[in-house]
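Remarks on the structure that follows.
The values are calculated or read from the model by the stated rules, or taken from the named source; none is laboratory data. This one's a predicted model, so the numbers in the text were calculated from it and none came from an experiment. All Cβ positions, even for glycine, are placed from backbone atoms using ideal geometry, and neighbour counts span all protein chains on display. These accessible areas exclude ligands, DNA and RNA; they are computed on the full protein's heavy atoms, side chains included. Shrake-Rupley method; radii C 1.70, N 1.55, O 1.52, S 1.80 Å.
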Amino acid sequence: MKIFLQLLIPGLCLGCVYGLNGVGASLLYKGSRTINNAQGSVVGIAALLGYTLQRNLGLGLLASTLISTVVMFFFGVILQVGIVSKVEKRSAANVVVATLALSLILTSASNLIFGTIVYESAVITINGSKYLHIAAADVDILWSNIVAIGVSLAAMLGIHLFLNKTKFGAGMRAAAMDPMAAESCGVSVVATRAVTWGLMSALGALGGCLTGPLFGVSTRIGVATGAKGNTGAVLGGYGNMYGAIIGGIIIGLVETAFGYIYSPYQMAFTNALFLVFLLLLPRGIMNEKALEEG
């Protein structure tokens, strides 16, 4: 039981973070049939911004995470309006190249400012302790990991309600299905796409900041979570938000389990699982047709 809990909670924490990035990638692909290669860099910048707020303003993990998430939402909106909307007029493939170039620029700038040091993130403490002690299993679990799971699931639920219960969310879904028809019905496709990019950046920022207590904060944190978020999205069915959540959680649990069994080949085991799923379930767990249609 002790080993099970020690693997389960961090695995779920990782899975939820990957799921957040996967949800953002799925929303973007569904809405504009493109991929944001700069997402990993956005995640890293958000985590470093959160750390900076913690160090300079004395903010806790949740407060710094909230501010970083809001800031990166507007960064995503500005990115779409200022760069992506101009580039995608020629070809969707240009967006992939442009965001790849932006990723390299952002990563280089982050390395220049913060270096490659791994910084220690703030953690959540309750009753003066950063651990939840489970006496029955004699195990200590970081409160930060438990809170990260809860916040991630709440964010995913919030996205679901926003898309299905609000007028703007309905407009986003309509614009994703048929932009011209949505425009004729009064939906601003420009606004919906800008918000989609903003949500993707915000979800990545949320995941990056919440992962800080588990891995520390560095410029490399975004590369791992961003890439595995995309992997989880493909695993669940690229373009399907709910599949991305499931895929992200599966990857997080499997990665943690294989890391315990033999950590030097942790990434190899995870990627092998990914390839097996691609061969056996090319449309993903949710049988999503978005890749074929795109």
>> If a residue must be in contact (Cβ under 8 Å) with a residue 60 or more places away in the chain and hydroxyl-bearing (Ser, Thr, Tyr), how many such residues does the stretch 142-185 contain?
In response: 2
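Looking at the stretch 57-115 only, could you name the residues that are in a helix (DSSP H, G or I), hydroxyl-bearing (Ser, Thr, Tyr) and surrounded by fewer than 18 Cβ atoms within 10 Å (Cβ to Cβ)?
Result: 85, 108.
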> Where residues in the stretch 38-56 are open to solvent by 10 Å² or more (accessible area, probe 1.4 Å) and not polar (S, T, N, Q), which of them is nearest to residue 119 (Cα to Cα)?
Replying inline: 51
> From 265, 242, which residue is assigned to a helix (DSSP H, G or I), at pLDDT below 80 and open to solvent by 60 Å² or more (accessible area, probe 1.4 Å)?
Replying inline: 265
>> Filter the stretch 197-230 down to the residues that are surrounded by fewer than 24 Cβ atoms within 10 Å (Cβ to Cβ) and either at positive phi or assigned to a helix (DSSP H, G or I) (or both) and list them by number.
In response: 198, 199, 213, 214, 215, 216, 223, 224, 227
> Of the residues in the stretch 1-26, how many are touching a Phe, Trp or Tyr at 6+ places or on another chain (Cβ under 9 Å) and open to solvent by 20 Å² or more (accessible area, probe 1.4 Å)?
Replying inline: 3
> Could you say which residue among 209, 185 is modelled with pLDDT under 90, of a type outside the set (Lys, Arg) and more than 25 Å from residue 87 (Cα to Cα)?
Replying inline: 185
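Quick one: is residue 137 in contact (Cβ under 8 Å) with a residue 60 or more places away in the chain and assigned to a loop (DSSP other than H, G, I, E, B)? Outline the logic, then answer.
Working: in contact (Cβ under 8 Å) with a residue 60 or more places away in the chain: yes; assigned to a loop (DSSP other than H, G, I, E, B): yes.
Taking the combined requirement at face value, the residue satisfies it.
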>> Which count do you get for residues in the stretch 232-268 that are touching a His at 6+ places or on another chain (Cβ under 9 Å) and hydroxyl-bearing (Ser, Thr, Tyr)?
In response: 1
> Does the stretch 158-166 include one or more residues that are among the aromatic types (Phe, Trp, Tyr) and either at positive phi or not in a helix (DSSP H, G or I) (or both)?
Replying inline: no
> Across the stretch 119-141, which residue is modelled with the highest pLDDT among those that are more than 27 Å from the chain's Cα centre (by Cα) and surrounded by fewer than 13 Cβ atoms within 10 Å (Cβ to Cβ)?
Replying inline: 129
> With (1) assigned to a helix (DSSP H, G or I); (2) hydrophobic (A, V, I, L, M, F, W, C); (3) closer than 22 Å to residue 88 by Cα as the list, and residue 3 as the residue in question, which single condition is left unmet?
Replying inline: (3)
> Does residue 286 satisfy being more than 23 Å from residue 7 (Cα to Cα) and modelled with pLDDT under 80?
Replying inline: yes
